[in-house]
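Everything below concerns the one structure shown next.
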Amino acid sequence: MKRRIAILGSTGSIGKQALDVISRHPELFCAEVLTANSNSTLLIKQAIEHNVNSVVIADESKYQEVFKALDPYGIKVFTGNASVSALACGSNIDMVLTAMVGFSGLEPTISAIKAGKAVALANKETLVAAGSIVMKLAKERGTPIIPVDSEHSAIFQCLQGERASIEKIILTASGGPFLSKTKEEIETATVKEALNHPKWLMGPKVTIDSASMMNKGLEMIEAHWLFGIEPSKIEIVVHPQSIIHSMVQFSDGSVTAQLSIPDMRLPIQYALSYPYRVDLNTKRIDFPVLESLNFYKPDFEKFPCLSIAYSAIERGGNIPCAMNAANEIAVESFLAGEIPFTNIPDIILEVINSTTYVKEPSIEDIFETDKKARLAATLILTQYKAPTY
Ligand code: MG
């Protein structure tokens, strides 16, 4: 039986690589539903190539264009965010790959879990914003959530067959493009410099998050929810070669690790094929050529987003949600060239400080917090963007 997959966010980096994995294993997988925000040209191409059942173009102004292109092929075309959730829950879907960027992934992920669809989770912001709600719901419904993020896939792979208790998770970080830059160099970093990731080719949001190391903060929170481990037992270690994708330390002192040449298709494919492991034509590790693997403590002073993330999850409640929303707005503004790189943590802190704390947020509280935090961040931004005379 083929696994029938809905890819939410098919035109992004993860979505494109997922389709590559699917096309290499037509006997195992088929793409049934594709959704995209606004890249109509690529969505049309993908839909025809994979002969999918239906697509959603979230941007309503692109609906006619997509409809005209795909209707002759008998491919159904929908628009709007409500359609994304509806199609992900269809009876023709076995697994939903959530590969959209940011908070927008939350609603369809919840719908997919409620409908009992296995979720391949590539949208870390979903767990950062609403981890307690999403994990509780998945447990109640017995819905598997399989991580796609390379670090979490590594941890997940390390835990297969284990009955032991986890002592510690060692979350590895490449360190991003600013690892060896000074504080002053980071202050004046350009968008181009921040987008120049040394190891991974990813979308702009996650690449900027890597440069600020907020990505690792988000991933620490994601790991906390996925594996039920206290934040104090998740250690972030800089490993510039990105060969070890994360490790698990057990109570007998053993550490297991997952190693591979960086290639996102591996964790994507593992999530799609789980519990099976299937062939993939990635480059193989040549250990004598590799010679050495290095590890360093992260610099919390140079990368304040790390401390922000730890203290946000330690406070818990709706604070990580506010942090995430503020980060999304700040990153967008940096990408637009409106603020310097080092304003990103400043804005996040200000938004967190202005957030009304809710200890045990409902899903409505989460949406409300997200909305308010975005507004607060936008307001703060107008001050940062104001010219100084
Ligand atoms: Mg990652």
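Pick out the one residue from Val128, Val101, Val148, Val134 that is farther than 24 Å from Leu266 by Cα and buried (at least 19 other Cβ atoms within 10 Å of the Cβ).
On the way: Val128 fails: farther than 24 Å from Leu266 by Cα; Val101 fails: farther than 24 Å from Leu266 by Cα; Val148 fails: farther than 24 Å from Leu266 by Cα.
Result: Val134 is the single residue among Val128, Val101, Val148, Val134 that is farther than 24 Å from Leu266 by Cα and buried (at least 19 other Cβ atoms within 10 Å of the Cβ).
Go through segment 114-147 and report how many residues are more than 11 Å from the chain's Cα centre (by Cα), under 24 Å from Cys30 (Cα atoms) and either assigned to a loop (DSSP other than H, G, I, E, B) or without any contact (Cβ under 8 Å) to a residue 24 or more places away in the chain (or both).
6
Looking at Met220, Met247 in this structure, which one is within 17 Å of Ser174 (Cβ to Cβ), within 13 Å of the ligand (Cβ to nearest atom) and either modelled with pLDDT of 95 or more or outside the structural domain of Lys181 (by TED's automatic domain parsing) (or both)? It would help to see each step written out before you state the result.
On the way: Met247 fails: within 13 Å of the ligand (Cβ to nearest atom).
When all the criteria are applied, what remains is Met220.
His25 versus (1) at pLDDT 95 or above; (2) open to solvent by 50 Å² or more (accessible area, probe 1.4 Å); (3) out of contact with any strand residue (DSSP E or B) (no Cβ under 9 Å at 6 or more places or on another chain): which is the lone unmet condition?
All conditions pass for His25, except number (2).
Considering only helices (runs of 4 or more DSSP H) fully contained in segment 30-113, which possess at least 2 residues that are under 26 Å from Glu125 (Cα atoms) and not hydrophobic (A, V, I, L, M, F, W, C)? It would help to see each step written out before you state the result.
Details: elements: 40-49, 63-70, 81-88.
It comes to 40-49, 81-88.
Output the qualifying pairs, or none if there are none: Cβ atoms under 6 angstrom, residues six or more apart or on different chains, first residue in segment 151-169 and under 11 Å from His245 (Cα atoms), second residue among the basic types (Lys, Arg) and within 15 Å of the ligand (Cβ to nearest atom).
Final answer for the pair search is none.
Specify which of the listed residues (His224, His245) is in contact (Cβ under 8 Å) with a residue 12 or more places away in the chain, assigned to a strand (DSSP E or B) and either over 19 Å from Arg315 (Cα atoms) or not hydrophobic (A, V, I, L, M, F, W, C) (or both). Working first, answer last.
Details: His224 fails: assigned to a strand (DSSP E or B).
Checking each option against the conditions leaves just His245.
For segment 271-282, give me each residue that is modelled with pLDDT of 95 or more and open to solvent by 90 Å² or more (accessible area, probe 1.4 Å).
Tyr276, Arg277, Asp279
What residue, of Lys233, Lys199, is open to solvent by 30 Å² or more (accessible area, probe 1.4 Å), within 12 Å of the ligand (Cβ to nearest atom), among the charged types (D, E, K, R) and over 16 Å from the mean Cα position of the chain (by Cα)? Show your work before the answer.
Values: Lys233 fails: within 12 Å of the ligand (Cβ to nearest atom).
After applying the criteria, what remains is Lys199.
The values are calculated or read from the model by the stated rules, or taken from the named source; none is laboratory data. Predicted model only: the values in this text are computed from it and were never measured. Note: ideal-geometry Cβ built from the backbone for every residue, glycine included; neighbour counts use all protein chains shown. Ligands, DNA and RNA are excluded from the accessible area calculation, which covers all protein heavy atoms including side chains. Shrake-Rupley method; radii C 1.70, N 1.55, O 1.52, S 1.80 Å.
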